[in-house]
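Down below is the structure, laid out as structure tokens.
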Amino acid sequence: MKPALVFLFGAVGLFTLAKYERSASRTRQQALRQESKTRRRARKMRFRHRNQDGLLDLNSATVFELKELRGIGDALAGRIIDNRPYYTKIDLVGRRIIPESAYETIKHMITVTHAA
């Protein structure tokens with residue numbers, strides 16, 4: 001009788017362990033699915049203020065998007081936003097919002113679109 005009980009408890013333990021592993025893998029799969037949805041949305045949000053060529057629009061870009069540009073920090077991003085709207089991208093230098101050296105590094109990454 002004793003070996004039968006040991007076998008029974010061992011079998012129940014193995015089934016319980018298998019069930020636990022299966023539920024843990026499901027939880028991981030659900031977390032990965034949720035993370036991939038978040039990544040897709042974040043990627044979509046990141047390119048919301050860019051045109052088809054990937055240029056960042058100065059008139060609608062957020063502070064975070066402007067700070068991603070090389071040479072643009074918190075202060076310059078704030079000044080760019082405060083002095084909107086822009087008619088051309090050279091307005092950044094013409095209005096003395098950013099230095100010309102910073103403009104030279106970002107001029108190929110930005111654009112200006114006008115609201116209709």
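Observations on the structure shown:
- Neighbourhood charge, 15 Å Cβ-Cβ cut-off, centred on Pro99 and excluding it, Lys, Arg +1 and Asp, Glu -1: +3
- Summed residue charge, Cβ within 15 Å of Ile80's Cβ, Lys/Arg positive, Asp/Glu negative: +1
- Convex hull volume per residue for region 51-116, taking Cα atoms only, in Å³: 79
- Note on Met1 and Leu32: the extension gain reaches 6.5 nm, defined as 0.36 nm multiplied by sequence separation minus the Cα-Cα distance.
- Label-point gap, in nm, between Thr16 and Thr105 - each point 7 angstrom along Cα→Cβ: 6.1
Any read-out appearing in this document is the output of simple, stated calculations on the displayed coordinates, not a laboratory observation. Since the structure is predicted, the reported quantities are computational estimates derived from the model, not experimental observations. Ideal geometry is used to build each Cβ from the backbone, glycine not excepted, and the neighbour counts take in all protein chains shown.
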